[in-house]
Each structure stands twice: as structure tokens, then as C-alpha cells.
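*Asks:* Please read through the structure below; I'll follow up with questions.
The values are calculated or read from the model by the stated rules, or taken from the named source; none is laboratory data. All of these numbers come straight from a predicted model, not from anything done at the bench. Ideal geometry is used to build each Cβ from the backbone, glycine not excepted, and the neighbour counts take in all protein chains shown. Ligands, DNA and RNA are excluded from the accessible area calculation, which covers all protein heavy atoms including side chains. Shrake-Rupley method; radii C 1.70, N 1.55, O 1.52, S 1.80 Å.
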Amino acid sequence: MATSPALPDKRPPEELNRAVIFLGPPGAGKGTQAKKLAAKYGVPHLSTGDMLREHISQGTPLGAKAKPIMERGELVPDSLVLKMVRERIERPDCSHGFVFDGFPRTVAQAQYLGESLKQHGYRRPIVIHLLIDLALILRRITGRRMCSTGGEIYNLFERPPKVEGRCDHDGGELVQRPDDREDVVAPRLRAYEKQTEPLVAYYRRLGLLHDVDASKSVEEVEQQISKALQHVRGRL
Ligand code: AP5
């Protein structure tokens, strides 16, 4: 059966056929850009943070274990995260690739992912590394609000809603994430530096890393990401 042509700003998922990984500190814009890229290619956006928050709101055993850890700004143990990710990427909607947001976050997670992608016959992943300085991180995190219904992300300083406290799309209540409180931001940044930043060198050594200046506007960051993907496609 013929596949329907993609809309101008959309790309067919077959063109991606791989995992795209967003790597960067809390508040760098991983979720904002990962959602856009996943929508462009029509592939799943896999945010391990969102998945864990979903487990917490549904009161699952995994959610009960993750909740106090996330509230302290620490990383959830690899064993729990890997089981959750394994189950997700084996679903049929991932067959043409997917966009990871917040995974992998440790070298052990990255090694597991590398093996798993090979086993499932994917091409080598693309890693988008979002670079941003601390002052901007703090502004983005403390200003962030999320729609409690649809998950749309706002920022009180950069991207305020039209009506205070309400989502532009569905009118849902805008809430602050519990771990966006100022006292939790410092431990989150420490966890990033200690456990996740080593992945920058790890993926650079593998030749998979693409640096992107995340201090620019959402649209400019998006353009840099598109260029990185074009560059990779051009080399195939
Ligand atoms: P997670 O949900 O992944 O949070 P994070 O990594 O701390 O990242 P954030 O969601 O805070 O930021 P972001 O980079 O997505 O930025 P966003 O696009 O929202 O993880 C939460 C917790 O879950 C972890 O601490 C850990 O406990 C646990 N966890 C998750 N994954 C795990 C794993 N793999 N292993 C172990 N534990 C795990 O943007 C931020 C703000 O800036 C928004 O308001 C947005 O509107 C604004 N903004 C974005 N881009 C721009 C721009 N270009 N210009 C202006 N404003 C912008």
C-alpha cells in the first residue's frame, strides 16, 4: 500500500529510522525540542521524566519508589528506568525510531541502549547536546509551568500563556513541577554534572554528538537541530 505524502513541515518516519537522544542539563529545552522533532517525523516522544511522573500520578509500585527520589532531585536507579524503557521501545509504534528526552542519563543506561538498538537493527543514534549556561537554566526552570491536562510547556518569562494560569490550547490549569522548586534545582544540577555529563565525552568519542547552542530562541534551536539531522543524512 502506498504511504500518504508527508505535509511540507513533516517528514516521513522512515527517513529517521533511528533514535534521537537529547542530552543537556535540566531546563536546557530537551522536552520543548524533543516534542517538536517527534511530531515532525511522526515518531514517539519518549520522556523518561514524563513516564515516571505518570507512574507517580497513577500510584504504581514504580511511581511509589521514584517519587521520593525525584523530589530530592536525584536519579532513579538504572534497573527501574531500564525496565520501563525496554518495555516502551519494544512497542510497534517505535519501529521507525523515536526521540528520547532525558534518557540515557548514566553511562550504564547508554551502554544498555547501544546494545538494545543494535539488537533491534536500528541505525546509529544521533545525540543532540544542548549547551546552555547556568543563569539561563535557572530562569527557564523557575519560570516553567506545565498544563496539568495536556502537558504543554510554558515559561512565565519567555512564553507566558495568554490567560494567566491557563493553557492556551485546552484551558487546563498551569502548574509548577514539584522538582522545579529552587531548593531541588541544585541537587538536580549536581546529579547532571556527576552522572550525566560523562555521556558528553562518551558520545563524542563514538562520533555521535552534535553540539547545539540552546541559549537561542526555540525556533533558532530547532533550526540548528534540523541542520544536524541533515548533516547526518548527507553522510549516509
Ligand atoms: P526530566 O523530566 O527529564 O527533567 P530534566 O532533565 O531535569 O529536564 P527538564 O524537564 O527540567 O528540562 P528540559 O531540558 O526538558 O527543558 P524544557 O523543554 O522543559 O527528569 C525529572 C527527574 O526524573 C530527574 O531529576 C530524575 O529524578 C528522573 N529521571 C528522568 N529520567 C531519568 C533517567 N533516565 N534515569 C534516572 N532518573 C531519571 O524547558 C524548560 C523551560 O524553558 C520551559 O519553561 C520552556 O518553555 C523554556 N524554554 C525551552 N527552550 C527555550 C528557548 N530556546 N528559549 C526560551 N525558553 C525556552
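*Asks:* Restricting to the stretch 137-161, what's the tally of residues that are near the ligand (Cβ under 9 Å from one of its atoms) and within 18 Å of the chain's Cα centre (by Cα)?
*Replies:* 9
*Asks:* Kindly list, by first and then second residue, each pair from a residue in the stretch 14-41 that is acidic (D, E) to a residue that is open to solvent by less than 10 Å² (accessible area, probe 1.4 Å), limited to pairs with Cβ atoms under 8 Å and residues at least 6 apart or on different chains.
*Replies:* Pairs found: E15/Y41.
*Asks:* Which residue pairs have Cβ atoms under 8 Å apart, sit 6 or more places apart or on different chains, and have a first residue in the stretch 185-214 that is free of Cβ contacts under 8 Å to residues at least 40 places away in the same chain and under 15 Å from K30 (Cα atoms) and a second that is part of a helix (DSSP H, G or I) and within 14 Å of the ligand (Cβ to nearest atom)?
*Replies:* The qualifying pairs do not exist here.
*Asks:* Then there is this: Taking the stretch 10-46, which residues are within 14 Å of the ligand (Cβ to nearest atom), hydrophobic (A, V, I, L, M, F, W, C) and part of a loop (DSSP other than H, G, I, E, B)?
*Replies:* Once the filter is applied, which keeps residues that are within 14 Å of the ligand (Cβ to nearest atom), hydrophobic (A, V, I, L, M, F, W, C) and part of a loop (DSSP other than H, G, I, E, B), the stretch 10-46 yields only A28.
Each row is one residue, and each column tells you yes or no for (1) of a type outside the set (K, R); (2) at pLDDT below 95; (3) open to solvent by 30 Å² or more (accessible area, probe 1.4 Å).
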| site | (1), (2), (3) |
| --- | --- |
| L113 | yes, no, no |
| K118 | no, yes, yes |
| L134 | yes, yes, yes |
| T142 | yes, yes, yes |
| F157 | yes, yes, yes |
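*Asks:* Tell me, yes or no, whether the stretch 95-111 has at least one residue that is of a type in the set (S, T, N, Q), modelled with pLDDT of 95 or more and near the ligand (Cβ under 8 Å from one of its atoms). Working first, answer last.
*Replies:* Residues of the stretch 95-111 that are of a type in the set (S, T, N, Q), as a first pass: 95, 106, 109, 111.
Cutting the leftovers down to modelled with pLDDT of 95 or more gives us 106, 109, 111.
From what is left, the residues that are near the ligand (Cβ under 8 Å from one of its atoms) are 106, 109.
Within the stretch 95-111, one or more residues are of a type in the set (S, T, N, Q), modelled with pLDDT of 95 or more and near the ligand (Cβ under 8 Å from one of its atoms).
*Asks:* Sticking with this structure for a sec: Answer yes or no: is there a residue in the stretch 166-182 that is of a type in the set (K, R), within 23 Å of D78 (Cβ to Cβ) and assigned to a helix (DSSP H, G or I).
*Replies:* Taking the stretch 166-182 as the starting set, the residues that turn out to be of a type in the set (K, R) are 166, 177, 181.
This time we only want the ones that are within 23 Å of D78 (Cβ to Cβ), so: 177.
Right, trim to assigned to a helix (DSSP H, G or I) and you get none.
No, that holds for no residue.
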